[in-house]
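Asker: First the structure, then my questions, so here it is.
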Amino acid sequence: MSGTPGPAPSRSAAELSLALVGATDSLICVVDGAGRILLVNPALERFTGRPATDLRERVLWDVLVVPEERALARVAVADAVVGGSLIPAEVEWLAAGDVRRRVALHTSVLADGDGRPYATAFVGADVTEQREREALSHRQASTDPLTGVYNRRVVFAGLQQHLDAEKGDGCGLLFCDVDQFKSVNDRHGHAAGDQLLVELAARLQRLSGPDDIVARLGGDEFVLLTPGTDPAALQGLARRITRGMREPVQTSVGPVSVGVSVGSATGRTGDDPDELMARADRDMYGSKTRRRRTRPRTPQVTVRIPG
């Protein structure tokens, strides 16, 4: 029948292998035990922006590997050809213009007919965009979109970990509520209220330790989870936070001053996360009530517009 393709011409295995190496979008690179590049394919040429003639005989870590991973690459390549550990599954390689790209690697050791290894073959895939999408998805699932601190999901996961009856170590929890926040929104609008929350969240992070979790539960409520069950240390942290929140916050309507009521509770292994959160919440309301009794009834929100 006219137009029907005829049988494919016979090709040797070597020809098919070369055709595959040339046609694939995977990044292919073969190096010897000293790291000298023996073979690259067109996809790697496009990735680096360099022709094969400029890559062959160059050392792998001089042209592809990021500076902080070069020592690791030297050891890994030397080990690979003597039957040691292979290259890590994901690395950073330098693309055209020295742009860092995340590359997922599969490595294989090439051996001669007598089984003696002589080279390492890399087959890579540029997964930079995929990893960025995954990181963005993780951030969206774990952080508060307004303030950038963690969300309720993360703090409860932390509570479950610290309070686990078998593997936990206990923790302290501070429950923070912004005083007179509704007055800020009512007087100056939600934009000023949002700016206030963003700055207060940033202050909480600055006041927290490297192992602490700062999270926004919603509205004007924040919590800080800290490892350890020392009530005195937790109260000291609560006092530092209370003082640290008094400084006026610069907003689009001028400096806004508010206070923060802080409640605390310590949890030991085997405690229920919801119950610990409720205890810290109740203590916060007790603190807020005491503050109201010792303050004038007028809202404690001051705004100074630069003249």
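Asker: Which one of the conditions (1) touching a His at 6+ places or on another chain (Cβ under 6 Å); (2) of a type outside the set (A, V, I, L, M); (3) in a strand (DSSP E or B) does ASP177 fail to meet, given that it meets all the rest?
Answerer: (1)
Asker: If we keep just the residues of segment 270-307 that are modelled with pLDDT under 80 and among the charged types (D, E, K, R), which is surrounded by the most Cβ atoms within 10 Å (Cβ to Cβ)?
Answerer: In this case the residue turns out to be ARG291.
Asker: Pick out the one residue from ALA125, ALA135 that is under 30 Å from SER26 (Cβ atoms) and loosely packed, with under 12 Cβ neighbours inside 10 Å.
Answerer: Working: ALA125 fails: loosely packed, with under 12 Cβ neighbours inside 10 Å.
Just a single option satisfies the conditions, and that option is ALA135.
Asker: Which of the following residues is farther than 18 Å from ALA157 by Cβ and touching a Ser or Thr at 6+ places or on another chain (Cβ under 8 Å): ALA238, ALA232? Spell out the reasoning first.
Answerer: Values: ALA232 fails: touching a Ser or Thr at 6+ places or on another chain (Cβ under 8 Å).
Just one listed residue meets the conditions, ALA238.
Asker: What are the residues in segment 51-62 that are surrounded by fewer than 16 Cβ atoms within 10 Å (Cβ to Cβ) and either of a type in the set (Val, Ile, Thr) or within 24 Å of LEU72 (Cβ to Cβ) (or both), if any?
Answerer: THR53, ARG56, GLU57, ASP62 - these are the residues of segment 51-62 that are surrounded by fewer than 16 Cβ atoms within 10 Å (Cβ to Cβ) and either of a type in the set (Val, Ile, Thr) or within 24 Å of LEU72 (Cβ to Cβ) (or both).
Asker: On the given criteria, is THR147 surrounded by 16 or more Cβ atoms within 10 Å (Cβ to Cβ) and in the same structural domain as ARG203 (by TED's automatic domain parsing)?
Answerer: In short, yes.
Asker: Does any residue of segment 207-217 turn out to be more than 26 Å from ASP274 (Cβ to Cβ), among the small types (Gly, Ala, Ser) and either outside the structural domain of SER264 (by TED's automatic domain parsing) or surrounded by fewer than 19 Cβ atoms within 10 Å (Cβ to Cβ) (or both)?
Answerer: Start the filter on segment 207-217 by keeping residues that are more than 26 Å from ASP274 (Cβ to Cβ), which leaves 210.
Then keep just the ones that are among the small types (Gly, Ala, Ser); that gives none.
No, segment 207-217 contains no residue that is more than 26 Å from ASP274 (Cβ to Cβ), among the small types (Gly, Ala, Ser) and either outside the structural domain of SER264 (by TED's automatic domain parsing) or surrounded by fewer than 19 Cβ atoms within 10 Å (Cβ to Cβ) (or both).
Each row is one residue, and each column tells you yes or no for (1) more than 32 Å from the chain's Cα centre (by Cα); (2) outside the structural domain of VAL123 (by TED's automatic domain parsing); (3) modelled with pLDDT of 95 or more.
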position: LEU20; (1), (2), (3): yes, no, no
position: LEU27; (1), (2), (3): no, no, yes
position: ASP32; (1), (2), (3): yes, no, no
position: ASN41; (1), (2), (3): yes, no, yes
position: PHE47; (1), (2), (3): no, no, yes
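Asker: If you don't mind, another one. Within segment 20-38, track down each residue that is part of a loop (DSSP other than H, G, I, E, B) and surrounded by 13 or more Cβ atoms within 10 Å (Cβ to Cβ).
Answerer: In the first step, residues of segment 20-38 are kept if they are part of a loop (DSSP other than H, G, I, E, B); the result is 24-26, 33-35.
Residues satisfying the conditions are THR24, SER26, GLY33, GLY35.
Asker: Is it the case that segment 184-193 has a residue that's touching a residue at least 24 places away in the same chain (Cβ under 8 Å) and outside any helix (DSSP H, G or I)?
Answerer: yes
Asker: Does ASP112 meet the test of being of a type outside the set (Phe, Trp, Tyr), surrounded by fewer than 13 Cβ atoms within 10 Å (Cβ to Cβ) and within 29 Å of the chain's Cα centre (by Cα)? Walk me through it before giving the result.
Answerer: Numbers: of a type outside the set (Phe, Trp, Tyr): yes; surrounded by fewer than 13 Cβ atoms within 10 Å (Cβ to Cβ): yes; within 29 Å of the chain's Cα centre (by Cα): no.
So ASP112 does not fit the description; no.
Asker: Which numbered condition in (1) under 24 Å from the mean Cα position of the chain (by Cα); (2) under 15 Å from LEU224 (Cα atoms) is the only one that GLU199 fails?
Answerer: (2)
Asker: Select from segment 150-168 the residues that are surrounded by 11 or more Cβ atoms within 10 Å (Cβ to Cβ) and small (Gly, Ala, Ser) and write down the one among them that is farthest from THR269 (Cα to Cα).
Answerer: The first filter runs over segment 150-168 and keeps only residues surrounded by 11 or more Cβ atoms within 10 Å (Cβ to Cβ), leaving 150-164, 168.
Still in the running and small (Gly, Ala, Ser): 157-158, 168.
Working: ALA157: 14, GLY158: 13, GLY168: 6 Å.
If we take residues in segment 150-168 being surrounded by 11 or more Cβ atoms within 10 Å (Cβ to Cβ) and small (Gly, Ala, Ser), then ALA157 is farthest from THR269 (Cα to Cα).
Asker: Residue check: is GLU199 exposed (fewer than 15 other Cβ atoms within 10 Å of the Cβ), free of Cβ contacts under 8 Å to residues at least 60 places away in the same chain, over 30 Å from ARG36 (Cβ atoms) and not small (Gly, Ala, Ser)? Talk me through it step by step, then tell me what you get.
Answerer: Values: exposed (fewer than 15 other Cβ atoms within 10 Å of the Cβ): no; free of Cβ contacts under 8 Å to residues at least 60 places away in the same chain: yes; over 30 Å from ARG36 (Cβ atoms): yes; not small (Gly, Ala, Ser): yes.
For GLU199, the condition - exposed (fewer than 15 other Cβ atoms within 10 Å of the Cβ), free of Cβ contacts under 8 Å to residues at least 60 places away in the same chain, over 30 Å from ARG36 (Cβ atoms) and not small (Gly, Ala, Ser) - is not met.
Asker: Let me ask something else. I need every pair where a residue in segment 57-82 that is within 20 Å of VAL123 (Cβ to Cβ) has its Cβ under 6 Å from the Cβ of a residue that is of a type in the set (Asp, Glu), sequence separation at least 6 or different chains.
Answerer: If the second residue must be of a type in the set (Asp, Glu), the pairs left are VAL66/GLU92.
Asker: Kindly evaluate ALA119 against the criterion of being surrounded by 11 or more Cβ atoms within 10 Å (Cβ to Cβ) and either over 30 Å from VAL258 (Cβ atoms) or among the polar types (S, T, N, Q) (or both).
Answerer: Working: surrounded by 11 or more Cβ atoms within 10 Å (Cβ to Cβ): yes; either over 30 Å from VAL258 (Cβ atoms) or among the polar types (S, T, N, Q) (or both): yes.
Here the answer is yes, as ALA119 does meet what is asked.
The values are calculated or read from the model by the stated rules, or taken from the named source; none is laboratory data. Source: prediction; values computed, not measured. So basically every Cβ, Gly included, is an ideal-geometry build from the backbone, and we count neighbours across all protein chains shown.
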